[in-house]
Amino acid sequence: MASDYAIIRLGNKQHRVRDGETLVVDRLPAAEGKSFEPDVLLGEGKVTATVIAHERGPKIRIGKYKKRTGYKRHNGFRAATSRVQIALGAAKKSAPAAAAPKKGAAPKAEAKPAAKVEAKPAAAPRVAHPPKGYEEMTVGEIKDGAPTWRRPQLEAALKFEKKNAARKGAIAALEAALEDK
């Protein structure tokens with residue numbers, strides 16, 4: 001069985017590559033759009049690398065400073081890089097089991113047309129309730145828990161607050177959570 005990766009050498013560095021992968025490596029002598037075969041250190045088959053683009057890496061700032069002398073120098077550096085597309089030459093085997101049935105196996109039954117399904121009567125609407133233990137919750141617990149509750153629970157809790165407890169902090173927290181939903 002062929003492996004799905006290879007280890008290649010590009011510019012004195014080793015890279016583990018897969019088919020279709022893109023690498024950014026030190027600048028290569030090949031021109032953009034050109035293909036070449038890098039050294040394959042591990043893996044079967046042929047590996048082809050295509051230079052997509054020559055680029056420059058991120059800027060690295062270098063600063064020199066000596067205290068009490070006024071000496072300051074700054075310099076920058078950007079590495080020359082190449083972007084490379086990798087193609088593994090080994091052909092991948094497809095699963096033959098799906099294409100042809102095995103010898104001696106019984107043929108699969110033909111698909112039957114779907115039978116008519118009678119429509120079920122609509123269920124009675126669900127009555128929303130606040131979360132369990134809501135009546136004993138403090139305003140702080142309501143503030144912390146409200147963002148995780150579902151919309152029907154929030155609406156039921158707000159209805160309960162307005163009807164029974166009328167705690168301003170709880171009402172504000174529930175209304176804010178409802179606006180977020």
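Only residues that are part of a loop (DSSP other than H, G, I, E, B), surrounded by 10 or more Cβ atoms within 10 Å (Cβ to Cβ) and of a type outside the set (Lys, Arg) were counted across the stretch 41-72, and they come to 4.
For the stretch 135-152, the set of residues classified as surrounded by 13 or more Cβ atoms within 10 Å (Cβ to Cβ) and under 18 Å from GLY169 (Cβ atoms) consists of MET137, VAL139, GLU141, ILE142, LYS143, GLY145, ALA146, TRP149, listed by residue number. Of the candidates ALA90, ALA128, the single residue that is out of contact with any Cys (no Cβ under 7 Å at 6 or more places or on another chain), closer than 30 Å to ARG27 by Cα, modelled with pLDDT under 80 and surrounded by 14 or more Cβ atoms within 10 Å (Cβ to Cβ) is ALA90. Pairing residues of the stretch 127-156 that are without any contact (Cβ under 8 Å) to a residue 40 or more places away in the chain with residues that are part of a helix (DSSP H, G or I) and among the β-branched types (Val, Ile, Thr), at Cβ distances under 8 Å and at least 6 apart in sequence or on separate chains, gives TYR134/ILE142.
I'm trying to understand the selection: among the residues of the stretch 17-40, which are surrounded by 13 or more Cβ atoms within 10 Å (Cβ to Cβ) and part of a strand (DSSP E or B)?
Here is the first cut: in the stretch 17-40, the ones surrounded by 13 or more Cβ atoms within 10 Å (Cβ to Cβ) are 17, 19, 21, 23-28, 30, 36, 38, 40.
Those that are surrounded by 13 or more Cβ atoms within 10 Å (Cβ to Cβ) and part of a strand (DSSP E or B): VAL17, LEU23, VAL24, VAL25, ASP26, PHE36, VAL40.
The values are calculated or read from the model by the stated rules, or taken from the named source; none is laboratory data. Source: prediction; values computed, not measured. No Cβ is skipped: glycine too gets one built from the backbone with ideal geometry, and neighbour counts run over all protein chains shown.
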